[in-house]
1. In debye, nearest 20, what is the charge dipole magnitude of the range 188-252 about its Cα centre with +1 on Lys and Arg Cβ and -1 on Asp and Glu Cβ, if you could check?
2. Whole-Å semi-axes of the range 407-451's equivalent ellipsoid, largest first, each the root of 5 times a Cα gyration tensor eigenvalue?
3. Find which of Leu172, Pro77, Pro157 sits farthest along the positive direction of the dipole of the chain, computed with +1 on the beta-carbon of Lys and Arg, -1 on that of Asp and Glu, about the Cα centre.
4. Angle between the Cα long axis of helix 209-218 and the longest principal axis of the chain, 0 to 90 degrees, nearest 10?
5. About the Cα centre, and with charges only on the beta carbon of Lys, Arg (+1) and Asp, Glu (-1), how big is the dipole of the range 354-398? Nearest 20 debye, please.
6. Over the chain, with the other protein chains present, what is the accessible area per residue in square angstrom, probe 1.4 angstrom?
7. Given the pairs Lys357/Lys420; Lys173/Lys264; Lys93/Lys177; Lys93/Lys173; Lys248/Lys299, which span a C-alpha to C-alpha distance of over 24 angstrom in this model?
8. Computing the accessible area with a 1.4 Å probe over protein heavy atoms, can you report the carbon and sulfur percentage for the chain?
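The values are calculated or read from the model by the stated rules, or taken from the named source; none is laboratory data. The model shown is predicted, which means the values in this text are computed figures rather than measured ones. Cβ placement follows ideal geometry from the backbone for every residue including glycine, while neighbour counts extend to all protein chains displayed. Heavy atoms of the whole protein, side chains included, go into the accessibility calculation; ligands, DNA and RNA do not. Shrake-Rupley method; radii C 1.70, N 1.55, O 1.52, S 1.80 Å.
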Amino acid sequence: MANINDENVSKLIPTLGDDKIDMIAATSVLQIRASEIRQSQINWQSYLQSQMITQRDHDFIVNLDQRGQKDLPDKNPEACADVFLNLITHISKDNTIQYVLVLIDDILSEDKSRVKIFRQSRHGNVWQPFLNLLNRQDEFVQHMTARIIAKLACWHPQLMEKSDLHFYLSWLKDQLKSNNNDYIQSVARCLQMMLRVDEYRFAFLSVDGISTLLSILASRVNFQVQYQLVFCLWVLTFNPLLAEKMNKFNAIPILADILSDSVKEKVTRIVLAVFRNLIEKPEDQQVAKEHCIAMVQCKVLKQLSILEQKRSDDEDIMNDVEFLNERLQASVQDLSSFDQYATEVKSGRLEWSPVHKSAKFWRENAARLNERGQELLRTLVHLLEKSRDPIVLAVACYDIGEYVRHYPRGKHVIEQLGGKQRVMYLLSHEDPNVRYEALLAVQKLMVHNWEYLGKQLEKEQIDKQAGTVVGAKA
């Protein structure tokens, strides 16, 4: 997995077997239900008698379904497309639609080239009859249809049209987000197929797909779904532009947590492969460097060390461990204190690392927090509003206070960004350390004479220490 380039990614993945990629497709809810549906007997004669299907439709489906003429789709492709599209358009009974969809899926699974039967049919928009079925109430109908659409979209050189593609990808995204979805593996399976196609990757980005994948991964799903969704991120990162954007969605911290908790080798392997792509694929080397720093910040080196000691038999894992170790160690060597600080802030995982308490750091770098449209300041203010972690809140308050203290116009800038209001709100926080740091920050925002405040704070600290000593002696 380590040395795959974008051109052959789609060649490599099918060699795994399309129904073996997620390892348990054969026992997924969709496949179990499909096996049951195959045992059904449909009375096609009754549909003919009630004039719901034509004589031609009847004869074709009976010959294919009941008389074992499995080569009919190849012998008469036009009739095959017409008959099946007529059936899914005109029949309303769920049981029959389920059966027809299983037949279509089996036809395509037996021979990928058969997608052209449907893609090159005389029907105007071949997608519409299938997309309509995604709105049915029956969950099996919805998800077997989604599986068929993925095959039609991926196994034919002509791409799916934009509006239809947008509708389909939005539907998949919404299915990922729905609670207790029994078919989530099937949804992920569709995305594993779709996202191998470069043009479909950007369409997925446009429907907010990447942030959806990551928010679900952050919510601790079972390892099988975890593997499938990280696999989706892996194929996305073969595109250099998407590899550059990925950490804007907080991908590295989320994947670092998964790596830390992983007990399944295949999950470990796919996370490492994503990390490798995030360093190798970006054309902007500054972004690759930032990704390295973010991984260091998220304690990935520690996990690599553990994996190195375990010595997995999996060659891909060990190759990626070696590559990542080398690159992350190198990034640590030429890391300035400001780089460290910026990466920590962007990760959203603030802690009392030495850089925060360094007066020298703030003297030299306070003004740099205004760079890139005050990106770091905006992030600190955002953390004050969104974070629930008392350490993050305390450190963010402290940093805002130090920025104001060392940058002449800092007070005005923080007020403009809404930071003053957020800090004051934290004065009543339940955690005493958050309240303390918020109080200090408010004092710094209010005061004008820094020299006087510095002496006062120094005096308070001395008094505090003296009180501790006296208390100890008593």
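1. 160 debye
2. Semi-axes, largest first: 20, 13, 6 Å.
3. Result: Leu172, furthest along the dipole toward the positive end.
4. With both axes taken from Cα atoms, the answer is about 70 degrees.
5. So the dipole magnitude of the range 354-398 works out to roughly 100 debye.
6. Result: 48 Å² per residue.
7. From Lys357/Lys420; Lys173/Lys264; Lys93/Lys177; Lys93/Lys173; Lys248/Lys299, over 24 Å: Lys173/Lys264; Lys93/Lys177; Lys93/Lys173.
8. Carbon and sulfur together cover 49 percent of it.
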